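Encoded as structure tokens, the structure appears first; notes follow it.
Quick note: the coordinates plus some simple rules give every number you see, no bench work behind them. From a predicted model like this one, the values you see are computed outputs, not experimental measurements. Note: ideal-geometry Cβ built from the backbone for every residue, glycine included; neighbour counts use all protein chains shown.
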Amino acid sequence: MYREATRFRNVTAKGQRSLPVWLEPTLGRREKITAHIQAGNRMLAQNSLGVAALHYQAALELAPQEPVAHSNLGVVFTRLGQFEEAEAHFRRAVEVKSDFADALANLSGLLNATKRFEAAAQTARRALNINPGHAGALFCLGSALFAQGDAAAAGAFFKHAAEAAPDQPMLWNRLGEMFLLKQKFAEAKTCFEKALALNSKDPSAYTGLGIVAKTEGRWDDANALLVRSIALDPRHLSGWLNLAGVFALEGKTPAAKGALYMGLKLKPDDGAIRLKLALTIPVIPRSNEDIDAQRAAMRRELRAFIAAPAPVLDPYLQINQSNFHGGYYARNEATVQSDIAHALLAACPRLGWDAPHCANGVPRGERVRLGLITTFPEKHIVGQLFRGILENFSREAFDIVVFVSPRSALIPSASGEGATRVITLPPDLFEAQKIVAAELLDVLFYLDVLVDTLTYYLAFARLARVQCTTWGHPVTTGIPNVDYFLSAADWEPEAGEQHYTERLVRLKRQPMYIRLPAAPKTVAERAEFNLPKGARLYFCAQSLFKIHPDFDLALSDILRRDPGGIIVLPASEHPHLNLVLSERFKTMFPTNASRVLLVPRMSPTRFLRLLTVADAVLDPFHWSGGNTTIEALACGQPVVTLPGEFMRGRLSLGFYKAMGLSELAVRDADEFVNVNIQIANDPATKSLLREKVAARLPSITEDLEAMKELEAFLLTVARNG
């Protein structure tokens, strides 16, 4: 049993005696054992593993059954990664002394390290039965439960561990990580600061504070803290992965992939890192060629993963990405989205869990139990649809339960009126599955699947007999358990079915419930926004990642043909994204790129005031305005649209079809430029279009017939499948 330990005699310093001189022969046997263990402990604390092992070996030569020496020698072997030897010593210690809580806690830690989580949890509980306040056992039990997917219980044990041993930075770090999972960022920050106070060179604490800085939008601080964490320990995997996440959000795609490759080098078989690499694409692509290259690389990586998958325990915690930005690339996403879904299911079959009640073929009661899931119950056009359903669906026919993403700021008493109950989902994917399944739903309606990663991963499970989605993020999900995509005949091109993995439903009316915002009573002054008085302002009121390279050419033509024109765009919260788009403009139209102005992001009220200042409001190619088009029309601004190939580029077209206003839907990019320049330069043309918009806009607002059609469809599929 001790053969491996004897090799430590070779790692002592030259000329060092194997036994210290102070262990005089006159000492008693028990005193010598104690002295060796104490000396070993001092060396272990200094991470002098070879010398520590010599002392524990010497103690065991005097007393082969000494449990403390066995347990501590096991710690030495654990730190060296020699887990077999370590486990043998821990188990021997427990055999000799069955109530040895320290040895049981050490054994539990080893079992966690070797991914035997159930055994680790059982062993930690044995230690806690002996000593309920044992910090190490509490920590090990929390770690085992977390690895098994029970984050809520794990957090409670980490909290108890930190209270039991407040001088241990590792415990404060784990508690901080649990607070991050619960999105309690102030509490997490406090924990990481306590860890740093105990150890100013703790990479985990810097990583935690970097994550907090990211959630607060302090991008420079997040970068600096995460770089500090990996400078302290280049093998700190969490630091690399979180730095990659910050780089990806900032649009620094090569840097993000580089950080992920460093993570993969540290953990070559990690399925989550492989999938994160596949899903990391530019927020703002450089060109159409860049788009095609990025998508081709993504598909290669996904198919390689499907051919040789690696397990991922919890995609929400470990990946926390979807193909959100791919939808803005103006390509058919059906195959890519399907590949992503199949890769995720290969990595984590648990994603596709079927709730038991879904095996029944008919509704359980007289009323259909309808679940609504949304990230935007408040200030978003999706929230208007959400409230339209709650306000107008029959309570005799439907029992409605509302589920809200933890990202939301829902006030149940204000936004959930009309629902049987409003449930804010926890930031725990598998707990959220159970919560939704417990409602025994007939139909589950996802209003905005790809906007929020928890909602996206939740949609993989069969939580209701019928599951459908709609235009909240108007791209197919690729998920096998999403049955229907609810669209409108006025939105869809002739071959629209090819763009979805779900069954496409072309409703006669648009599944929207539009309430017009209150337009500003007076036209704003340009000085409010630091915009020049004499220029003609072409305002594109969309996030920068919606500006497709094809749209650059139209912007260039507007600036070339209207020498007094200026393009106005809302700036991103990520300064690097502003730089990326500006550099693309300099490549596409170098002469006039300086005439593109970025204005800071602003409140909804201030945004509406800015709309009144514009001479023309531009609808970008391939991703048509929904809410922004409605807001512009409400402010008296006619919005010209060029319908795209996919539904996501045809929302404004649908509005105009319903309004009978064909003048604002054009046939090609040249006509788009011509009409916008005419609107900006000819007051008579703009005035005529404004009058037509004002007269016909009420025809698409608060459309009760659309709600009745949607209600009838959901009733039919609930009863017939």
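General observations
- Cβ crowding within 10 Å, taken as a proxy for footprinting-reagent exposure, orders 603, 71 from fewest neighbours to most as 603, 71.
- 17 Å reach of a label modelled at residue 573, 7 Å along Cα-to-Cβ, counting backbone N of region 430-454: 451-454
- Cross-link partners of residue 115 among lysines, defined as those whose alpha carbon lies under 22 angstrom from its own and excluding same-chain residues fewer than eight positions apart: 265, 267.
- Region 314-369: chymotrypsin sites (Phe, Trp or Tyr not before Pro) falling in loop per DSSP and having at most 11 other Cβ within 10 Å: none
- Residue among 475, 422, 519 farthest towards the positive dipole end of region 397-523, charges placed on Cβ: 519
- Once divided by 2.2 N^0.38 Å, the Cα radius of gyration of region 269-351 becomes 1.05.
- Calculated [222 nm] ellipticity per residue, helices only, for the chain: -16000 deg cm²/dmol; basis is -39500 (n - 2.57) per DSSP H run with n ≥ 4, divided by all residues, nearest 500.
- Cα→Cβ-extended label distance, 7 Å offset, between residue 431 and residue 156, nm: 1.0
- Estimated distance in nm for a label pair at residue 335 and residue 186, the labels positioned 7 Å out from Cα along Cα-to-Cβ: 5.1
- In a DSSP loop and with at most 14 other Cβ atoms within 10 Å, the trypsin sites (Lys or Arg not before Pro) in region 563-670 are 601, 667.
- If the chain linking residue 663 and residue 299 were pulled fully straight, counting 0.36 nm for each residue of separation and taking away their Cα-Cα distance, it would gain 127.0 nm.
- Between residue 395 and residue 289, full extension at 0.36 nm per residue minus the direct alpha carbon distance yields a gain of 33.0 nm.
- Within region 173-269, GluC sites (Glu not before Pro) in DSSP loop having at most 14 other beta-carbon neighbours inside 10 Å: 216
- Ordered by the count of other Cβ atoms within 10 Å of each Cβ, fewest first, 673, 523 give 523, 673.
- The local environment of residue 306, defined by Cβ-Cβ distances under 15 Å, has a net charge of +2 under the rule Lys, Arg +1 and Asp, Glu -1.
- Sequence of 428, 452 once ranked by neighbouring C-beta atoms within 10 Å, starting from the fewest: 428, 452
- Modelled spin labels at residue 690 and residue 65, positioned 7 Å past Cα toward Cβ, are 9.8 nm from each other.
- Separation of alpha-carbon centers, region 505-569 and region 45-114, rounded to whole Å: 69
- Estimated D of the chain in µm² per second, where Rh is the Kirkwood radius over Cα pairs and Stokes-Einstein applies at 20 °C, 1.002 mPa s: 74
- Dipole-positive endmost among 488, 222, 443 within the chain (Cβ charges, Cα centre): 222
- Stretching the chain fully between residue 125 and residue 524 yields a gain of 137.0 nm (0.36 nm per residue, less the alpha carbon separation).
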